[in-house]
Structure formats: structure tokens, C-alpha cells
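J.: I have a structure I would like to understand better, so I am pasting it below and will then ask my questions one at a time.
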Amino acid sequence: MAPEKDATTDTDTRPVQIFQVSTLYGAATLAAALDAGLFGPRADVRRLLLVSHNAEIPETAPRLRDMTGYGRIATRFDGTLDWNRTIHPYHPAAWAPRPEEAPLWQRVLRTAWGLGTAPVELAVESIQVNPAKALAVAFPESSLHVYADGLMSYGPTRNDLAQSVACRVRRVLHPDLVPGLRPLLLSEYGVEPEPVPDDAFRAVLAEIAEEAADDPLIARAAAAGPTALLLGQYLAALNLLTAEEEENLHVRMLRGAAAAGHRSVVFKPHPSAPARYSRTLEEEAERSGVRLTVLDRPLLAETFYERCRPRLVVGCFSTAMLTAAVYYGVPVARVGTAEVLERLTPYENSNRVPLTLVDHLVADLERGEEPAVPGPAPASLAPLVRAVGYCMRHKSLPELREETARFLAAHHDDPGTAHHFTAERLTLLGLPGGARTPGGAPRPLRSLLRGRRG
């Protein structure tokens, strides 16, 4: 791994671009955007990589700079910065300066990072929350570029932005994981999405994988001739499943792969998942007569795709499923997606649209559907996603109401549509599929609110 370069001693007076990252997948997205020239020539600016470790207990979770391939990404920058160290003892998810403190904190950060008086441009992830929100407050004159490193870019903005922040966002950069589908993220503020070129992103993933060429675990996995990869997400940490339910989900993935004829399978656990997940799966593999390799390394699933070229990827709603299909042509299948979607609360939960996408596009392995590579977004997808997005954030997306009402009037009883909406939410919004008035019309939102107050 390349050593971190200290950015604080640099006296360069060129304009500064600061790229805030917390995941290697997000860093790869930024690297591809840089390689494609989406941030201009490198010689014209000084580029700093700001690493944020957002785990609940950062000291106990794998660090980004320990991930296989991080060193390749770091070479694109003139220096690296550590956000956790900068704001210690505060947690990155919890701390932000108050607006009245912004001038003071900007001076502190400029001094700590050796920025001088150079103009600063920010590229951040998840602008609605810290640390991106904190950076936007600390540098109130800086233009903002938001990049999305997964399927959540196709969903609505989860929190309202202050107008002083929203007016500075120039674009949403995102991998084109669902070709033909336009992201909803920040659309209510008139921000345009801009896909990162496929060839640039694929090249970065290949570059990251080169660093794993000598990894003995990957070599052993490749020697086992695996034909399927199972993706763990650690959904228990998100309170979407209990730990026992998630263990069972992985077992169901393995059984589905075995039933489809796969006899050599790799399981890639989430880096934060407990070790017992792997042990439970190993016991099931022995019962099923399947050779199981546990890929317990801090690396991207895409690195495995590069090195081992599986014929099947199975997951619940991981972004890595769509990456496998779009960038590697690997057939994908889902397990447990509809169940998690049905239990997801509150309705505004930002995992809803990723679940909706996988549920709509990817074959259900347990129902015997044939794993496949989803093509461009079908005509049925955009209206569904926009209707779900409206029901999640109706106050932010009022322009979608009539479109959503028409869609639900035509489809709310369809088996492939109904489970994406709850009767309570449709009733609250006075939409087709909700509770009816005595006259048969959807009960309007005003009367519902009056009834609740009464």
C-alpha cells in the first residue's frame, strides 16, 4: 500500500479540490471521474483526498487505507487528509460546525491542511449528512460536486438541504448501474446527474484488482474453481434483519446456488460482520456437498470478479450485484429481497429504492427464476421508481403527484407493484390503493390529518 502523503506541508497556491471519501467503491468512482477528465486537468489544481471513517466505532472496523487497492487510488492525489483525526474526539457522523462558527472553522481547517488562501472546491458523498454537510458549512463559498457510490443515487434525497448548500451543488456524479434510469437524488433542487463513463470506471476496478494479484487467499479461491459468489451485507447492523435472520439469509443463498448446480462457491462477508456468519455457512456447505471458500479480506467484490470471473452472483440488494452485471456481464440473482422490502421501516428509509431496483430487475433464485444480466432499464422501471420516490418524499417532489396517482390507478393491484407501497402510506397521501371514502374516492390527505388530530 502506498504511504499516506502529508498534505499539510504543501505551500502550493493553486486552487484546491478536496475529495471526501469513506468507502473504496466511492473512491473508485471519484478516480474514474478524474481519469475521464470530469474535474479538469490535474496540473491546474491541487487535489487532496479527505478520508472519513464513519463506522459506529471507527477504531474496531477496517480502515479505508487498509483496503486492497487503496494505494492505487491515492496516487491520483497530491496529498491525503484524515477527517477523523482532524475533528477528534468527535465522530464524523455527529459533528458539524454551527453556521456562525463557519469562519472560525474554515481558518482552522485551512491552517491544519495547509490550504492558505487558495479557493476550495469540494467533492462529497451523501451531502444530506455529515461529514459532507459539515464540510459544506465550513466552506460556505465553495462549489460542491456530489458523487453517489451505489444504488441510493436513484432514490430521493433523504433529508432537506439548506438553500445555502443546495444552490452550490453543481452535479451528481454516479456510476451508470441501471442504464436508462435517471437518478432522483437532488432532482428537487434542479441538480443534473452525470454518469461516470463506463470504460473509465471499469479500468479503475481492474487497476484495483491488480494489487490483489499476489493475495494468497484470492489465489486459493481461484484454484477452487468457484462458479458463484454470495454477497454478505451485514443487514443486522442496519436493523433490517436480526443476526439470526441474516445468517439464515446466507444459508438460503448457498442452498439456491447449490440447487442451480454450483458446487464451488465463494462467500464474501461484510467487513464488519461477525465471524459466526462464516461458520454457519460452512456447516451448511458441508451438508449440501458444496465447496465453500470464505473471502475474508478487506477488498471489493469487484476485485474477485476481475480475478475469478464467476458465472453467478447472489445477494439481497447489494450494489455489487448490479456492478457484476453491468461491468462484468455476470448473471445475478436475489434472495430475501422482497421480504426485507416488506419489513422496511419507516417508509422513507433510504434503502427502499435499492431494494425496489433489485426486486424489479433481478431474478429470484428461490423461485427458480433463471439468473440473468439485466439489460437497460425496462419501460416499467422509471414510473415505479418515481412513484416510490414520491411516496417517500412527497413534500420534496410535489411535481410527481399526478404521475404517481396515474401509475397507482393503473397498477396498485398488480402483483409486481403492490408490495412496493403500503396501504397506510397511500391512505396518508390520498392515492389509489389507500383507504376509500364512502363514495369510493381515495380519502384526501386533509381529512386524514383532521381525523388524526381529532
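The values are calculated or read from the model by the stated rules, or taken from the named source; none is laboratory data. The structure displayed is predicted, hence computed values, not measured ones. With ideal geometry, Cβ positions are generated from the backbone for all residues, glycine too; neighbour counts draw on all protein chains shown.
J.: Of the numbered conditions (1) free of Cβ contacts under 8 Å to residues at least 60 places away in the same chain; (2) under 21 Å from the mean Cα position of the chain (by Cα); (3) surrounded by 20 or more Cβ atoms within 10 Å (Cβ to Cβ), Val340 satisfies every one except a single condition; which is it?
T.: The single condition Val340 does not satisfy is (1).
Rundown of residues vs (1) in the same structural domain as Leu361 (by TED's automatic domain parsing); (2) under 20 Å from Glu141 (Cα atoms); (3) in contact with a strand residue (DSSP E or B) (Cβ under 7 Å, 6 or more places away or on another chain), yes/no style:
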residue: Asp160; (1), (2), (3): no, yes, no
residue: Leu181; (1), (2), (3): no, no, no
residue: Ser187; (1), (2), (3): no, no, no
residue: Phe201; (1), (2), (3): no, no, yes
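J.: Turning to a different aspect of this structure: In the stretch 383-403, is there at least one residue being among the polar types (S, T, N, Q) and in a helix (DSSP H, G or I)? Talk me through it step by step, then tell me what you get.
T.: Applying the first criterion (among the polar types (S, T, N, Q)) to the stretch 383-403 yields 396.
Still in the list and also in a helix (DSSP H, G or I): none.
No, every residue in the stretch 383-403 fails to be among the polar types (S, T, N, Q) and in a helix (DSSP H, G or I).
J.: Shifting gears a bit: Would you point out the residue of the stretch 382-425, among those that are buried (at least 20 other Cβ atoms within 10 Å of the Cβ) and β-branched (Val, Ile, Thr), that is farthest from Glu342 (Cα to Cα)?
T.: The residue in question is Thr404.
J.: Let me ask something else. Is it true that some residue in the stretch 370-382 is aliphatic (A, V, I, L, M), touching an Asp or Glu at 6+ places or on another chain (Cβ under 9 Å) and modelled with pLDDT of 95 or more?
T.: We begin by selecting, within the stretch 370-382, every residue aliphatic (A, V, I, L, M); these are 372-373, 377, 379, 381-382.
Filter again for touching an Asp or Glu at 6+ places or on another chain (Cβ under 9 Å), leaving none.
Within the stretch 370-382 (the criterion being aliphatic (A, V, I, L, M), touching an Asp or Glu at 6+ places or on another chain (Cβ under 9 Å) and modelled with pLDDT of 95 or more), the answer is no, since none of the residues qualifies.
J.: Looking at the stretch 374-402, which of its residues are β-branched (Val, Ile, Thr) and touching a Lys or Arg at 6+ places or on another chain (Cβ under 8 Å)?
T.: Answer for the stretch 374-402, where residues must be β-branched (Val, Ile, Thr) and touching a Lys or Arg at 6+ places or on another chain (Cβ under 8 Å): just Val388.
J.: Could you look through the stretch 99-132, keep only residues that are touching a helix residue (DSSP H, G or I) at 6+ places or on another chain (Cβ under 8 Å) and under 22 Å from Arg158 (Cβ atoms), and pick out the one that is surrounded by the fewest Cβ atoms within 10 Å (Cβ to Cβ)?
T.: Applying the filter and picking the extreme gives Pro99.
J.: As an exercise: evaluate Asp214 against (1) in a loop (DSSP other than H, G, I, E, B); (2) touching a helix residue (DSSP H, G or I) at 6+ places or on another chain (Cβ under 8 Å); (3) of a type outside the set (Phe, Trp, Tyr); (4) surrounded by fewer than 19 Cβ atoms within 10 Å (Cβ to Cβ) and give the number of the one condition it does not meet.
T.: (2)
J.: I want to confirm something. Restricting to the stretch 79-111 and keeping residues that are under 16 Å from Arg47 (Cα atoms) and assigned to a helix (DSSP H, G or I), which single residue is farthest from the chain's Cα centre (by Cα)? Give the derivation first.
T.: So the first thing to find is which residues in the stretch 79-111 are under 16 Å from Arg47 (Cα atoms), and the list is 79-83, 109-110.
Checking the rest, the ones that are also assigned to a helix (DSSP H, G or I) come to 83, 109-110.
Details: Trp83: 20, Leu109: 28, Arg110: 30 Å.
Among those that are under 16 Å from Arg47 (Cα atoms) and assigned to a helix (DSSP H, G or I), it is Arg110.
J.: Could you list, in sequence order, the residues of the stretch 301-316 that are touching a Gly at 6+ places or on another chain (Cβ under 8 Å) and either among the β-branched types (Val, Ile, Thr) or surrounded by fewer than 22 Cβ atoms within 10 Å (Cβ to Cβ) (or both)? Before the answer, list the steps.
T.: So in the stretch 301-316, the residues touching a Gly at 6+ places or on another chain (Cβ under 8 Å) come out as 303, 314, 316.
Of everything in the stretch 301-316, those that are touching a Gly at 6+ places or on another chain (Cβ under 8 Å) and either among the β-branched types (Val, Ile, Thr) or surrounded by fewer than 22 Cβ atoms within 10 Å (Cβ to Cβ) (or both) turn out to be Thr303, Val314.
J.: Let me ask another. Does the stretch 130-150 contain at least one residue that is closer than 19 Å to Leu397 by Cα, touching a strand residue (DSSP E or B) at 6+ places or on another chain (Cβ under 8 Å) and either assigned to a loop (DSSP other than H, G, I, E, B) or not assigned by TED's automatic domain parsing to the domain that holds Asp82 (or both)?
T.: Keep residues of the stretch 130-150 that are closer than 19 Å to Leu397 by Cα, which gives none.
The answer is no; no qualifying residue exists.
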